[in-house]
Amino acid sequence: MTVVQMKAPTQAERKEHGTTRQSILFLLRRHGQMTAAELSQELRIGAVGVRQHLTLLERDGLVEVAGLRRSVGRPSYLYALTAEAETHFPKAYDELALSMLHYMEQQGGVSTIVQMFETDRSTKFEVYARRLRGKTRSEQVAELAAMLTQHGYMCEYEELRDGSFLLTQYNCPVDCIARRYPQLCAQELLLYQDLLGMTIERKSSIVEGQTCCRYLIAPHRSNGR
């Protein structure tokens, strides 16, 4: 029996594939919905190759089948972007948010910013607390990590032998604001303490140059909540 070994793609080939998929995303962003044949014509590559890229984009949750286009011959699938694909396009939210906060600071001082962060913490507490209610301590930490991941923090947790926990965030979706206003990080720490009812110590911080934000959650309830 002959064994055929698949050749691993070179760096140039991987880059080309990535560029093609990005081009597909931009074409769908521009036109809304397109068939594989239309994408093939725009990109000047074979329809089979386009379908392979579309399959991978579907797998990654960036493209979906939005309907059928019926004409002479076989109907064609119409492809469209998913909501998740929006993250692949340039945004200016950070600049806008910082401009608004700067204006608020000019009008009312830093205390105005802090008050807004405190209000946001209270709002999040009400929402998060409902999902933690009735769970064990370990389940609460796991649920908190899951909620933070849903909001872009790339969070995971580990239970240590002494009953404490390490909560690690590998991404900070608001780091541009936190670098200018560290009070935001302080409110985040208070939120976690209020939710879990345990003493929490921040061991590392992305905005201070570390690769992650890591929290050590004490093994015993100690803040009376």
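The values are calculated or read from the model by the stated rules, or taken from the named source; none is laboratory data. No experiment lies behind these values; they were computed from the predicted model shown. Neighbour counts are summed over all protein chains in view; Cβ atoms, including those assigned to glycine, are modelled from backbone coordinates with ideal geometry.
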Condition (residue is more than 20 Å from the chain's Cα centre (by Cα), touching a residue at least 40 places away in the same chain (Cβ under 8 Å), part of a strand (DSSP E or B) and crowded, with 18+ Cβ neighbours inside 10 Å) applied to segment 202-216: is it met by at least one residue? no
What is the residue count in segment 79-135 for residues that are loosely packed, with under 12 Cβ neighbours inside 10 Å, of a type in the set (Phe, Trp, Tyr) and over 23 Å from the mean Cα position of the chain (by Cα)? 1
Cys172 meets each of (1) at pLDDT below 95; (2) part of a helix (DSSP H, G or I); (3) crowded, with 19+ Cβ neighbours inside 10 Å with one exception, condition (2)
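Residue-wise test of (1) outside any loop (DSSP other than H, G, I, E, B); (2) at pLDDT 90 or above; (3) within 18 Å of Gly61 (Cβ to Cβ); (4) not assigned by TED's automatic domain parsing to the domain that holds Thr55.
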| site | (1), (2), (3), (4) |
| --- | --- |
| Ser23 | yes, yes, no, no |
| Phe26 | yes, yes, yes, no |
| Arg29 | yes, no, yes, no |
| Ala37 | yes, yes, no, no |
